[in-house]
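What follows draws every value from the coordinates through simple rules; no lab data is involved. A quick note: this is a predicted structure, and the numbers were derived from the prediction, not measured. So basically every Cβ, Gly included, is an ideal-geometry build from the backbone, and we count neighbours across all protein chains shown.
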Amino acid sequence: MSEKKPRLIQSVQRALDIINCFDSLHTQLSLTEISEKLNLNISTVYGLIHTLSAYSYIDKNQDNGKYKLGLEFLLKANLVSQSLDLKEIGHTYLTDLTKKYHGTSHLYVYQHEQIFCVDKVESPNNYFIISSRAGHKLPMHASASGKVFLAHMSEAELQNFLNHNKLTSLTDKTITDKKKLLSNLQQIREQGYGIEDEEIETGAYSMAAPIKDAAHRIVGTISIVGSLARIKEQEDDIRTDLLAAAASISAQFGYQLQSASKKEPRS
């Protein structure tokens, strides 16, 4: 015996239809425009909009009389964003990257001027372990993920970090000069990913890409580390897949790419 489908409430459906009338091309609509879009009586639409407005899901622009989505959606969006689990969402992407490229893949988050590995998928062929321990702290100025976080800081946050943290040398390739680091961070902002070229561990090469939320804030990074020779040999393919993984995870946090004509403001 087939399971009976639950009855849908028409008034709720119509309210959701009104909400779905709004999109990036139609951020404000008049009562008449909504009525025509949904082929509903204007008095019915008015009643539904009045109810949605009472709960702040719809606002009225007093200058032109048109309606727009209300602030309650922003509050609910923040709740959704906070409930998302970066590790749960990102683990599959780590597995795919490690399986394809035989490097160790990581997810990193930033807290208290440090980045922490919250998940990793290790390759049995990867012997670089400094940046491969879940919960292990990495130097911000030397790691691919650390530099990605630095690149997305505000000017004030970045200067505060530079004023209170020594750029310690770990190998002969570690960037310890502030001007060189700032130049490298600018390059990361322009290209959309960071590189760690034997800056923490000799022979190790890493790439990292930012994961962003609906407010265009960086919430984490996804990265892969392996031997210099192996990663460099497949660098173009790895970069493509890494950026695609970061974009897919970001989309699940509500992040939407802006059009090419608009530059994303610096965090």
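Name every residue in the range 143-166 that is over 25 Å from Val118 (Cβ atoms) and either β-branched (Val, Ile, Thr) or over 22 Å from the mean Cα position of the chain (by Cα) (or both), in order of residue number. Write out each step before concluding.
Initially, the range 143-166 is screened for residues over 25 Å from Val118 (Cβ atoms), giving 155-156, 159, 162-163, 166.
Correct list: Gln159, Leu162, Asn163, Lys166.
Let's see how each residue does on (1) more than 16 Å from Ala144 (Cβ to Cβ); (2) in contact with a strand residue (DSSP E or B) (Cβ under 8 Å, 6 or more places away or on another chain):
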{"site": "Gln186", "(1), (2)": "no, no"}
{"site": "Asp197", "(1), (2)": "no, yes"}
{"site": "Ala214", "(1), (2)": "yes, no"}
{"site": "Ser223", "(1), (2)": "no, yes"}
{"site": "Leu228", "(1), (2)": "no, yes"}
{"site": "Glu233", "(1), (2)": "yes, no"}
{"site": "Asp237", "(1), (2)": "yes, no"}
{"site": "Ala244", "(1), (2)": "yes, no"}
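Scanning the range 185-244 for residues that are under 14 Å from Lys100 (Cα atoms), among the hydroxyl-bearing types (Ser, Thr, Tyr) and within 16 Å of the chain's Cα centre (by Cα) gives a single hit, Ser223. Taking the criterion of being loosely packed, with under 12 Cβ neighbours inside 10 Å, hydrophobic (A, V, I, L, M, F, W, C) and assigned to a loop (DSSP other than H, G, I, E, B), the only residue of the range 39-75 that qualifies is Leu71.
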